[in-house]
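Undergrad: Quick one: the structure is below, and I'll ask about it shortly.
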Amino acid sequence: MAAQKMSTPVPNEVLDEVWLMMHMAAEMGCSKSSKTGDLPARTVSDSGKPSSRYGAKKFIFEAEVEPEYLHDVVETDSPGHEGEKEKVIIAAAEKLMQIGDALQDSKEKSEIDQLCTDLANHINEVMAPNIQERLVLLDDNQMECLRATLLATGKGRRPSLPPLVVNNKLLYQLHLLREEAKAPAAQVQIWFQKLFPGSAFPADRFCRHMDRVAENFSSLKPGEEPAFLLTRVDFDFLSAALDVHNVTRLLDKTSFKACTLTNELVLDLQHHFKKEMLQYNYFHEILSALSSSPLSLSPLDLWKKATKLEVERRKLIKNKRQNPEKLAVFLRTPFMTALQNAYDCHPPSCSNSSAAEPPTSARPNSTDSRPPRPDVVRVYMQKAEDAQQRSQKLEEQMNVLINLSKTKSSEISELQSTCAVLQSQVTSLTKKTHEMEEQLKDVRTSRLYKCKWRLQQKAKRLDVVLGDNEKLKEKVLGLEQQKVTVQKKVHLLKKARDKCKKDKDVIDSEFLRELKKENDFVPALKLGNRFTDEVRRTVVALLSQCNVSATQCSKVIQTVALELFNVKWGLNELPSPQTLLTIADEAYVLAKLATVDQLKASNNFTLHLDGTSRHQRKYVGHQITLDNGKVLSLGFVDVPCEDAATLLDVTVAVLTELGDIYDPENRDKVFQEILGKMHSTMTDRASAMKKFASSLESIKKEKLGEESELHFLHCNAHFLLGLSSSSESALKEVEKEIGRKLGRDLCVKFKKFSSAGESSVARYIRTACAILGPRGNQKSGCRVEWLAFCQEQDVPVCSRLPSYKSNRFNCYFEAAARLIQLHETILSFLNGSYLSHSNLLIDSVREDNKDCLLMALVAVVAFFFLHFTCPYWQLMQSKTPFSKLHSFVQELQRDLVAIQEEPSLILNETYCSSLWTHYPSHPGLKASLTAFISSLQCDTHGPMKSATTAIAQACQDVLKRQLVDFLAGGKFDFTCTESPIYLNCPITNVVGENAFGDFDFLTQKHRRASLFHVSSLQTAKQNRVSQWLQTTEDPKAAMAHARKTAAHFRESHRKREKEVMLAVRRKMLKNAADEEQRLANLAETKRKIIQAVLDHGGPCTTAADVAALTKRLQKGQLTEALKQEIRYQKVVLGVPGLLKLTKPVAELTQQLQDHFSGISSNGHTVTPTVAESQDAESENDENDAPDLDSPASFKFERPSQWVTVYYDNTFYVGQVISVLQSTQAEVKFLEQTKVRKDYFCWPRADDIALVDAEFIFAWDFDVLPVSSDCRIWQVANVDDLTAAYERIRIGYL
């Protein structure tokens, strides 16, 4: 084959270096038979100069040495050249690799690579025993350049890197540098990017590739190292199948060769895409560029089909030992043919496709179940048809084989022609090889001497440089001495500078101290005989905003002045506690002035009214909401009762007081102006509030005319209270329908306990919060252990149990949701060994928590909290305008109707209500609830659906009752037209609840403070008096007005409190008079009944007396006599309602006879009562004494009832605190004092127990308080109680 020119010229310097290296190796260790003079000279051009361009084949034979000469080079070691010869030969091979990289002809490249391989093989044959010990081969010029470039840290120029050959030697040298510098992987990646910029190979894999080269090098056998080090590394190489078609890591589609896609090529390309995490759309583009025919599949389908082929290849690899040819056939199969086979449900077999086909003969149809009669002709005809079909198939297969043989024969002929061409090329190459060998001998002789002369010149220049270096070292030593001297001078100067700086600071501090003494200003505390306005404003801010008590305000001012401003004031100079209380009264006036000032600036406002009871006293609070949404407080007042008339009088007095404070001369005008701006009222749904609102509207119309209108709004948050009570009633009905006991009622120890007053769900929620939640049962709970357990289990704080006494609007539903969220945690806590004690309350919660059906019902309540009550409460807390509320209420109604009609939605994990989409909350709670419901057994789904339907129906009833105005067609349905009248109205009356929260805090903090003082602090805080004084036009006038009028309003409030107490006393006297009148009427009634009974010969005491009475009297007289006897038994003797008056004479007679014989009308035994009294006076005296010795007739009726309980050692006096049922109640016991036997007191720790009615032997006796704090009580007839106890005890014994 003719020699070709290289497209890229190879520099002459490179060729010279290769030639020089080979001759240096020959000089170091050649045999006597091979001498330098025998080497061929380098080819020279026609002009006599060395040629700048060489043909590829010619240069290869110039660079190559004869085998005998190479053998002499690597065989003999001359003294003093150990290891150097091998370095030179390996360097020459690397230079040849660089020259091969510059060539574009692939055949020439392969020839140069083959030459390098031959060099390595010759080295292996001779140097195998000692190459492992001489790893210094790697420490060459390239290693030094890499070390200087990558590891040097000093300043200066770096040596330029020589052209690098990417082989195992380079990677192993980088590995040694990494070990030498202990460089991390990130630093090695930086080296890779610096050495190979623009490479598509991932830099993070370079470290792993380098480590593998080091591992392979250490595992090589002696003599294999040079060949391994010269092995090329191609970072862009993907696979052999892809490399044939120029598919490299860059995936450059312009260099692709169109071809027929095979399974091997497609699978190799997909493996690379998975490894590099590339998109399958690009996979489709690459295959389209490679394919000679267009692809009809989409990118995703193409990727899926390739994945299926990968699965098939793995199966073939597993069975490779059994059938190795099958894998090779599969890899060579065209990809589109494999796709077609993948579409088939049953792929044909490789060995015998015809045998896999099912028989085509079919049995003839017949309606009869019996087999048809055999027909010989038909059988033979069928066989003939089958034979014909088989022959056709064989002919088709034969045609396929013939075509295949033709194709193979054509391929064989092409291969033969190709072999002939290659053989001719080999012959021509052999001739050229001999020619180039002759030329190489001439080149070797001339080039060696030229290179030697160049090296001598370089050595001379290096000697000159070494001399200059010695001179420079002397200069450096002199400069270092000068540097030390200068450093000492700098150190002395720094010391002097620091000293000057300290002196300057001392002088400046003394100067500032003197200047402060000259210009120090101490603010004045008093202006004449009174404290300044600044002091008063400070006191108001401390009392209202900072919640500092009046006794500590002066101390706070003294401390702040001393610590911050170095001003020393004595407590005698600051306001006294009495003065501080006076200033607090002034804060009340300032708060009202701020209120009127903001009311005048507002267009309208809404009046809030709410009441509460604290310590058996009734309080009413007033608040207003301005059109800008700001809430102001009008204070608190106490009332004797919460009827409509009292509320109206209080409200008018509060509004009139605003005018009296703001402008005493024109207070009526101010009152009318305030009434004119009063747009609406916001109250709860009590009947007294309705009458109050109508009366207030009448006053407004009377003052301002009939055109004025007042709108009555109700608090929409109270809707949640209705949901709680209605849901509780619905759950009671559902538990009755279940037909079995739930929770603790299944346990024997709780058989005497009753939950008739609440459902099992409510009982579990209440008791669980009592032992685990905040503000629970301090005596029987385990709150501390629970918190420690939650901290150990990393339970989030946001998912802890709430207090059952905190948010009364939503605590029922929220507590149920939290209990479901913490169900597993509570179960682990109660069933583990974490508690050191236990009681009935804890056991009750444990038993309830174990019942899956009960927990399923609790989950229903939690479901309604998550999707309805919680979003609705957030809606109430938001700033949603009143005119938009109707849309949310209507959405709530639609959701409730949907839940009622389809209760299985509770089992749907993806269900979300409309309110939840507007106000989503508690995502963790939703996930916990969904997981809990999905974990429940199927037998609980029915009761859950029933409970869901019942609660949804109850919620709809409450919604239609309380929020009917917001439904479609209602008063507040603004779907079509939005009314501007209600634009700024609030939607809840929660501001009143919040105000009473402040009231509770202040009354707890200031226990002995008057109501006026508490109201002053709360209004000053709510109305932000301190900020208002900073923005008002004339704060001094406001402060002066407050000082003048504060005492007057304090006195008026005191008078009002006295009037309230007088009203309460009048009401008590009236109640006492009514009670006396009632008792007198009762005594008169008893006297008349006794007289009537005596007149007809009674009273009857036995059944015989009744029979004698019936014989003695006529029918008309007998009826009246029997009724009088019954009245005597019921009214005078106090027999319970077993006897009825509205019956015929015969039934009345039988009823009395049964009663006296000890049998009731229901067949139960009746215990005889005490003997009747002779007159009304004695009967009245016996009513005042306690009932004794009749425990069978006692039934618990009401709380606060005084009872005496029988115990084995003594009796105890107590008060009923809650009635569970008529035969069982909770009693709080008194403790007998040691001072007097009739004095009793409450113990330090509450003594509460569950008592059955059968152990009560005295009740409804007088227990009067002795001390003012109601700590000591007196039981007057304690002797009678003691005697009765002794009689009962003796009877039991």
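The values are calculated or read from the model by the stated rules, or taken from the named source; none is laboratory data. Worth saying up front: this structure is predicted, and the values here are computed from it rather than measured. Cβ coordinates were reconstructed from backbone atoms using ideal geometry, including for glycine residues, and neighbour counts include every protein chain displayed. Heads up: the accessible areas ignore ligands, DNA and RNA and are worked out on the full protein's heavy atoms, side chains in. Shrake-Rupley method; radii C 1.70, N 1.55, O 1.52, S 1.80 Å.
Undergrad: Quick one: order K926, K488 from most to least accessible surface, probe 1.4 Å.
TA: Final ranking, largest accessible area leading: K488, K926.
Undergrad: Also, I was wondering about something else. I need the peptides 181-190, 492-501 ranked by packing, meaning the mean over residues of other C-beta atoms within 10 angstrom, with the highest value on top.
TA: The packing order, highest mean first, is 181-190, 492-501.
Undergrad: Using a Förster distance of 30 Å, how high is the FRET efficiency between A1146 and Q1091, based on the Cβ-Cβ distance and rounded to 0.05?
TA: In this case the efficiency is close to 0.65.
Undergrad: Provide the net charge surrounding K630, with neighbours chosen by a C-beta distance below 13 Å and charges set as Lys +1, Arg +1, Asp -1, Glu -1.
TA: Around K630, the surrounding residues sum to 0.
Undergrad: Between E470 and Q874, what is the label-point separation in nm under the 7 Å Cα-to-beta-carbon projection?
TA: Placing both labels 7 Å along Cα→Cβ, they lie 8.9 nm apart.
Undergrad: If you filter segment 1196-1293 for GluC sites (Glu not before Pro), then keep DSSP loop positions with at most 16 other Cβ within 10 Å, what is left?
TA: Loop-located and lightly packed - E1197.
Undergrad: In addition: For segment 710-831, what does the alpha-carbon gyration tensor say about shape, rounded, prolate or oblate, given a ≥ b ≥ c as the root eigenvalues, a/c under 1.5 as rounded, and a/b over b/c as prolate?
TA: Since a/c reaches 1.5 but b/c is at least a/b, the shape of segment 710-831 is classed as oblate.
Undergrad: Could I ask something else about it? Once amide H atoms are built 1.01 Å from N in the peptide plane, which residues 5 or more positions from H622, or in another chain, come under 5 Å H to H?
TA: The list, which skips near neighbours in sequence, is L634, G635.
Undergrad: What whole number of Å gives the distance from the Cα centroid of segment 779-817 to the Cα centroid of segment 1248-1263?
TA: Segment 1248-1263 and segment 779-817 have Cα centres separated by 35 Å.
Undergrad: Okay, next question. Could you work out the local net charge near K751, counting Lys and Arg as +1, Asp and Glu as -1, over the other residues with Cβ closer than 11 Å to its Cβ?
TA: +3
Undergrad: Pulled fully out, how much extra length does the chain show between D643 and L827, if you take 0.36 nm times their separation in residues and subtract their Cα-Cα distance?
TA: Additional length available on full extension: 61.3 nm.
Undergrad: Let me ask something else about it. Each label point is 7 Å from the Cα along the Cα-to-Cβ direction; what then is the distance between the points at A927 and F196, in nm?
TA: Roughly 4.4 nm, to one decimal.
Undergrad: DSSP loop (so not H, G, I, E, B), at most 16 other Cβ within 10 Å: list which trypsin sites (Lys or Arg not before Pro) in segment 804-906 pass both filters.
TA: Answer in residue order: K805, R808, K879.
Undergrad: Also: When the Karplus curve 6.51 cos²θ - 1.76 cosθ + 1.60 is applied with θ = phi - 60°, which whole-Hz ³J(HN,Hα) does each residue of segment 1279-1285 get, with x for Gly and Pro?
TA: 5, 5, 5, 5, 5, 5, 4
Undergrad: Let me ask something else. Any of K752/K805; K805/K960; K274/K318; K194/K274; K677/K1005; K618/K1237 with alpha carbons more than 30 Å apart? Name them for me.
TA: The answer is K677/K1005; K618/K1237.
Undergrad: Mind jotting down the distance between the C-alpha centroids of segment 169-195 and segment 656-728, whole Å?
TA: Distance between centres, Cα-based: 85 Å.
Undergrad: Run the 1.4 Å probe and let me know the accessible area of I1089, rounded to the nearest 10 Å².
TA: 10 Å²
Undergrad: Moving on. Once the other residues with Cβ under 14 Å from the Cβ of A815 are scored (Lys, Arg +1; Asp, Glu -1), what is the net sum?
TA: Local charge sum for A815: +3.
Undergrad: How big is the gap, in Å, between the Cα center of segment 1096-1125 and the Cα center of segment 460-498?
TA: Cα centroid to Cα centroid, the span is 143 Å.
Undergrad: Given an 8 Å cut-off on Cα distances and at least 6 residues of separation, report the relative contact order of segment 937-1056 as a percent.
TA: 12 percent
Undergrad: Pairs to check: K526/K630; K850/K945; K751/K945; K304/K393. Give those whose C-alpha atoms are more than 31 Å from each other in this structure.
TA: K526/K630; K304/K393, as the Cα separations exceed 31 Å there.
Undergrad: Here's another thing I want to ask about it. With a 10 Å radius around each residue's Cβ, average the other Cβ atoms per peptide and rank 300-310, 1073-1083, 854-864, highest first.
TA: Packing order, densest peptide first, comes out as 854-864, 300-310, 1073-1083.
Undergrad: Please list the non-local residues whose amide H lies under 5 Å from the amide H of L164, H modeled 1.01 Å from N, same-chain partners needing a gap of 5 or more.
TA: When sequence neighbours closer than 5 places are left aside, there are no close amide H contacts.
Undergrad: OK, next. Please go through segment 718-772 and write out the trypsin sites (Lys or Arg not before Pro) that DSSP classes as loop and that have at most 14 other C-beta atoms within 10 Å.
TA: For trypsin sites (Lys or Arg not before Pro) across segment 718-772 that sit outside H, G, I, E and B with at most 14 neighbouring Cβ atoms in 10 Å, the list reads R740, K751, K752.
Undergrad: Around W1273, which amide H atoms from residues at least 5 apart in sequence, or from another chain, sit under 5 Å from its own amide H, with H modelled in the peptide plane?
TA: For W1273, the qualifying residues are F1240, C1241, V1266.
Undergrad: Once you have the Cα-Cα distance between S296 and Q1027, take 0.36 nm times their residue separation minus that, and quote the gain in nm to one decimal.
TA: Computed gain between S296 and Q1027 is 255.4 nm.
Undergrad: Nearest 0.05, what FRET efficiency do E1075 and Q616 give at R0 = 25 Å with Cβ-Cβ as r?
TA: 0.85
Undergrad: So how exposed is K504, as accessible area in Å² (1.4 Å probe, rounded to 10)?
TA: Its accessible surface works out to 120 Å², give or take rounding.
Undergrad: According to a simple spin-label model (label point 7 Å from Cα along Cα-to-Cβ), what is the distance in nm between A387 and Q487?
TA: For the pair Q487/A387, the computed spacing is 11.5 nm.
Undergrad: Could you order the peptides 630-638, 1255-1263, 430-438 from most to least packed, using the average number of other C-beta atoms within 10 Å per residue?
TA: Highest to lowest by the protection proxy: 630-638, 1255-1263, 430-438.
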